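Enquirer: Shown below is the structure under consideration.
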């Protein structure tokens with residue numbers, strides 16, 4: 001397996017190459033597996049993984065054999081590709097990676113720079129075709145229009161939220177970014193969106209209109225009303241006044257992600273999927289998506305959350321106000337260089353008794369020297385060399401702890417927690 005992962009991760013040297021030429025070549029070399037299964041395509045700035053997980057859980061609880069493709073993984077590569085909630089076996093990762101490497105080497109494109117995400121996307125599509133899934137839920141990587149996942153012909157498209165992220169790739173305004181995301185909408189194919197920001201929503205509406213795609217908007221065609229910290233009432237396309245409970249994946253933002261997922265389920269009923277309220281209810285209740293407002297310990301609270309941009313921090317702070325209103329936290333913050341760290345710090349500071357800035361292993365992470373230089377003038381900040389050392393200290397602490405800022409950091413934290 002080391003040889004397999006050495007090959008896959010060696011492709012990271014090509015970085016992010018937005019465009020569909022590469023992925024179309026790869027898929028054509030393996031007989032276009034993306035055309036052999038039904039799918040749902042999910043794009044957006046935040047909430048993609050949670051929404052995908054809610055949809056996946058709903059379908060599993062209704063007895064369907066599902067594929068789920070997400071990124072990044074927290075600990076193991078196999079988290080990216082699952083069948084009905086079960087990670088792809090290591091033997092299949094090895095087989096599919098070897099297949100891709102061989103097919104590329106024997107093709108006229110052997111010198112072409114295929115990226116890590118392009119190759120793993122092709123592997124996922126091949127696996128879903130082999131497993132004859134009833135439907136696959138596909139989360140886009142970066143953007144939408146030029147993302148490698150934008151090669152499927154889905155039953156429905158989902159646009160979760162729009163925020164200012166990856167501006168160097170997607171544009172400098174919400175409208176620019178909304179255009180990149182909305183461009184995945186297909187002709188005559190329904191789109192469900194949780195976007196509320198009007199400039200971004202207008203772009204989505206215009207795109208849907210141009211593609212003759214029915215558009216279902218939150219707070220217009222479906223909505224949720226929080227009833228408690230864990231329950232909400234849903235009014236939707238078909239169902240009205242139905243109560244749902246969050247148990248394992250909690251947070252105010254998750255009410256909205258769950259509502260988007262329920263709206264998708266309602267549309268799937270028109271596509272021949274037999275989905276009952278009871279099984280949709282159980283699907284929402286049973287959804288688990290690690291690293292998203294995950295409570296490791298209740299007393300004193302120890303929370304890990306993958307909020308990795310200012311919009312994500314907004315959702316996180318809303319949840320802190322709701323679930324832990326009396327607490328100030330020792331906040332462990334680990335951030336990548338392409339994120340707005342100053343805005344993230346500004347938003348999280350009112351909830352902090354102290355902030356420990358720490359690098360993670362990702363090559364895009366801020367280094368400790370950079371962090372010390374950026375935040376040297378305020379005594380609320382301290383610095384740590386790496387996440388495992390911080391985790392050991394946190395577990396022994398009697399202070400409320402919050403670790404956030406990067407999904408890569410969350411992965412390291414969850415791995416470290418296994419060993420303390």
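The values are calculated or read from the model by the stated rules, or taken from the named source; none is laboratory data. Quantities reported herein were computed from a predicted structural model and do not represent experimental measurements. Methodologically, a virtual Cβ is constructed for each residue, glycine included, from the backbone with ideal geometry; neighbour enumeration extends over all protein chains shown.
Enquirer: Just name the residue that is nearest to the chain's Cα centre (by Cα) out of those in the range 67-85 that are over 23 Å from residue 362 (Cα atoms) and crowded, with 18+ Cβ neighbours inside 10 Å.
Expert: The selected residue is 68.
Enquirer: Right, something else. All but one of (1) in contact with a helix residue (DSSP H, G or I) (Cβ under 9 Å, 6 or more places away or on another chain); (2) more than 30 Å from residue 226 (Cα to Cα); (3) surrounded by fewer than 14 Cβ atoms within 10 Å (Cβ to Cβ) hold for residue 376; which doesn't?
Expert: Failing condition for residue 376: (1).
Enquirer: Answer with yes or no whether residue 88 is free of Cβ contacts under 8 Å to residues at least 40 places away in the same chain and surrounded by 21 or more Cβ atoms within 10 Å (Cβ to Cβ).
Expert: yes
Enquirer: In addition: Residue check, residue 58 against (1) buried (at least 24 other Cβ atoms within 10 Å of the Cβ); (2) within 13 Å of the chain's Cα centre (by Cα), all met but one. Which one?
Expert: (2)
Enquirer: Scan the range 362-369 and give yes if some residue there is assigned to a helix (DSSP H, G or I), closer than 30 Å to residue 323 by Cα and assigned by TED's automatic domain parsing to the domain that holds residue 404, otherwise no.
Expert: no
Enquirer: Oh, and also: Among the candidates 17, 26, which residue alone is touching a helix residue (DSSP H, G or I) at 6+ places or on another chain (Cβ under 9 Å), under 19 Å from residue 139 (Cα atoms), assigned by TED's automatic domain parsing to the domain that holds residue 281 and crowded, with 24+ Cβ neighbours inside 10 Å?
Expert: None of the other options fit; the residue is 26.
Enquirer: From the list 248, 292, which residue is buried (at least 24 other Cβ atoms within 10 Å of the Cβ), assigned to a loop (DSSP other than H, G, I, E, B) and either in the same structural domain as residue 71 (by TED's automatic domain parsing) or in contact with a strand residue (DSSP E or B) (Cβ under 7 Å, 6 or more places away or on another chain) (or both)?
Expert: Exactly one of 248, 292 is buried (at least 24 other Cβ atoms within 10 Å of the Cβ), assigned to a loop (DSSP other than H, G, I, E, B) and either in the same structural domain as residue 71 (by TED's automatic domain parsing) or in contact with a strand residue (DSSP E or B) (Cβ under 7 Å, 6 or more places away or on another chain) (or both), namely 292.
Enquirer: Return the residues of the range 320-361 that are surrounded by 17 or more Cβ atoms within 10 Å (Cβ to Cβ) and assigned to a strand (DSSP E or B); say none if nothing qualifies.
Expert: 329, 330, 331, 332, 333, 336, 352, 355, 356, 357
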